[in-house]
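Undergrad: Can you keep this structure in mind? I'll have questions shortly.
The values are calculated or read from the model by the stated rules, or taken from the named source; none is laboratory data. What you are looking at is a predicted structure, and each value in this text was computed from that prediction instead of being measured. Quick reminder, even Gly has a Cβ in these numbers, built from the backbone with ideal geometry, and neighbours come from all protein chains shown.
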Amino acid sequence: SKLSDVDVKELETTLQGAMKNAPLTAKGRAASRQRMWVVLLAEDKSTGRLMGCVTLSMAVLEALLPPPLPTTMPYRVYVSNMVVHRDFRRQGVGSALLDDCCTLGARWEQPKIYLHVDVANVEAQKFYKKQGYETVRLDPFWFGFTRRYVLRKI
């Protein structure tokens with residue numbers, strides 16, 4: 001079933017409320033190498049069901065070793081853990097979550113948004129391409145994971 005106009009408006013309001021509490025800028029945090037992240041939730045107000053969620057953070061994608069080990073590589077806005085419940089897919093929930101990630105990225109003064117997607121997940125790749133993401137490279141750090149692409153939206 002499709003989301004009604006009221007549901008879409010409630011989703012927008014919920015996401016906007018979450019964004020109001022998000023940090024305005026990442027400049028000071030990136031300079032001091034503090035971690036910075038936010039989780040956005042999409043909830044169906046009429047039922048209270050969680051429709052989807054996504055984590056947005058400042059991450060060092062090109063670092064050779066994971067935090068807290070030091071690196072000189074830059075922080076990037078990174079989308080992770082994005083999921084939309086199967087009952088709400090193809091209804092604009094994922095698009096709304098990604099749009100708000102882009103809005104927060106701009107507030108954090110970061111024009112580019114990055115994410116990973118499994119090589120085998122063709123449906124997700126199509127979705128991200130429709131949202132304006134492009135493949136940057138095959139992730140070289142895949143040991144212990146499935147092969148993934150690094151995608152970027154400018």
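Undergrad: Quick one: which of Lys20, Lys2 is at pLDDT below 80 and more than 27 Å from Val117 (Cβ to Cβ)? So that I can check it myself, show each step before the final result.
TA: Details: Lys2 fails: more than 27 Å from Val117 (Cβ to Cβ).
Selected residue: Lys20, the only one of Lys20, Lys2 that is at pLDDT below 80 and more than 27 Å from Val117 (Cβ to Cβ).
Undergrad: Further question: Scan region 77-98 for residues that are touching a residue at least 60 places away in the same chain (Cβ under 8 Å) and on the phi > 0 side of the Ramachandran plot and jot them down.
TA: Gly92
Undergrad: Let me ask you something else. Condition first: on the phi > 0 side of the Ramachandran plot and touching a helix residue (DSSP H, G or I) at 6+ places or on another chain (Cβ under 8 Å). Can you find one or more residues in region 99-115 that meet it?
TA: Going through region 99-115, the residues on the phi > 0 side of the Ramachandran plot turn out to be 109.
Checking which are touching a helix residue (DSSP H, G or I) at 6+ places or on another chain (Cβ under 8 Å) leaves us with 109.
The answer is yes, given that some residue of region 99-115 is on the phi > 0 side of the Ramachandran plot and touching a helix residue (DSSP H, G or I) at 6+ places or on another chain (Cβ under 8 Å).
Undergrad: Would you mind listing the strands (runs of 3 or more DSSP E) fully within region 42-154 where at least 1 residues are among the polar types (S, T, N, Q) and loosely packed, with under 13 Cβ neighbours inside 10 Å? Don't jump to the end; show me each part of the working.
TA: On the way: elements: 49-59, 76-84, 113-118, 134-138, 148-153.
It comes to 76-84.
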